[in-house]
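Derivation of every value follows stated rules applied to the coordinates shown; laboratory data play no part. Because the structure is predicted, anything quoted here is derived from the model rather than measured. Please note: Cβ atoms are built from the backbone with ideal geometry, for glycine as well, and neighbour counts cover all protein chains shown.
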Amino acid sequence: MSHVVLIGMMGAGKTTVGRLVARRLGRPFHDSDEAVEARTGRTIAELFAEGGEPAFRAVEAEVLRDLLATEEPAVIAAAGGTVLDAGSRAALRDAGTVVWLRAEPALLAERARTGDHRPLVAEDPAGMVARLAGERSGLYQQTAHVVVDVDQLDADEVAEQVIAAVEEGAR
């Protein structure tokens, strides 16, 4: 048994779905953004403000590697930008089943408007989400073992599809 890792853009539902999947599979759940904040004692917005995106991405990659190295099979919600690092993409694919929660940019932008923990989209959520989705979709595609389109589904339905895909892959 290996990890189940959820990837995708901010607002795709990785944390919400990840918690549901972990509960249903009886596994621990880890959110890489939460792990970054716990390790550094700072919010993601603070990390961006203090060191910029490159410094944040370095910490993000280190935390992800540590989460993937845990022996107990877990469900992991990987930060949206995790796929930007080639080493992280390879580590993800080797660690278990990678599921891309794919959503249309309009839905992502609507969800990204809430909260203050998304510094990349603070100024122009719709424009920035569309740009980031365009830049990252190919990386998500090459990293994922499975794609689940989330636009017309609620969190429970997405979780069911993720579990079905993981169980199918285990056969």
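May I ask what percent, to the nearest 5, of DSSP beta bridges between residues of region 3-151 are antiparallel? Counting DSSP beta bridges with both partners in region 3-151, the antiparallel share is about 0 percent.
In the chain, which whole DSSP H runs stretch at least 15 Å along their own axis (Cα) and average 0.0 or higher on the Kyte-Doolittle scale?
Numbers: long enough: 14-25 (16 Å, -0.12); 44-68 (27 Å, 0.41); 125-143 (25 Å, -0.32); 155-170 (22 Å, 0.29).
Answer set is 44-68, 155-170.
Here the spin labels are modelled as points 7 Å beyond Cα on the Cα-Cβ line, and at residue 142 and residue 49 they lie 3.5 nm apart. Close amide H contacts of residue 102 (hydrogens built in the peptide plane, cut-off under 5 Å, sequence separation of 5 or more or a different chain): 148, 149, 150. Site-free segments of the chain were taken between GluC sites (Glu not before Pro) in DSSP loops having at most 12 other Cβ atoms within 10 Å, sites themselves excluded; the longest one is 1-70. The HN-Hα couplings worked out from phi for region 73-83 by the Karplus form 6.51 cos²θ - 1.76 cosθ + 1.60 (θ = phi - 60°) are x, 9, 9, 10, 8, 7, 4, x, x, 3, 6 Hz, whole numbers, x standing for Gly and Pro. Residues 9, 128 in ascending order of nearby Cβ atoms (within 10 Å, fewest first): 128, 9. Considering only 90, 144, 155, the Gaussian network model of the chain with Cα springs below 10 Å gives its largest mean-square fluctuation to 90.
In this label model, residue 167 and residue 131 are separated by 4.3 nm, measuring between points 7 Å along each Cα→Cβ vector.
Just 141, 152, 161 to compare: in a GNM of the chain, with alpha carbon springs under 10 Å, which one fluctuates most? Looking only at 141, 152, 161, the biggest GNM fluctuation is shown by 152.
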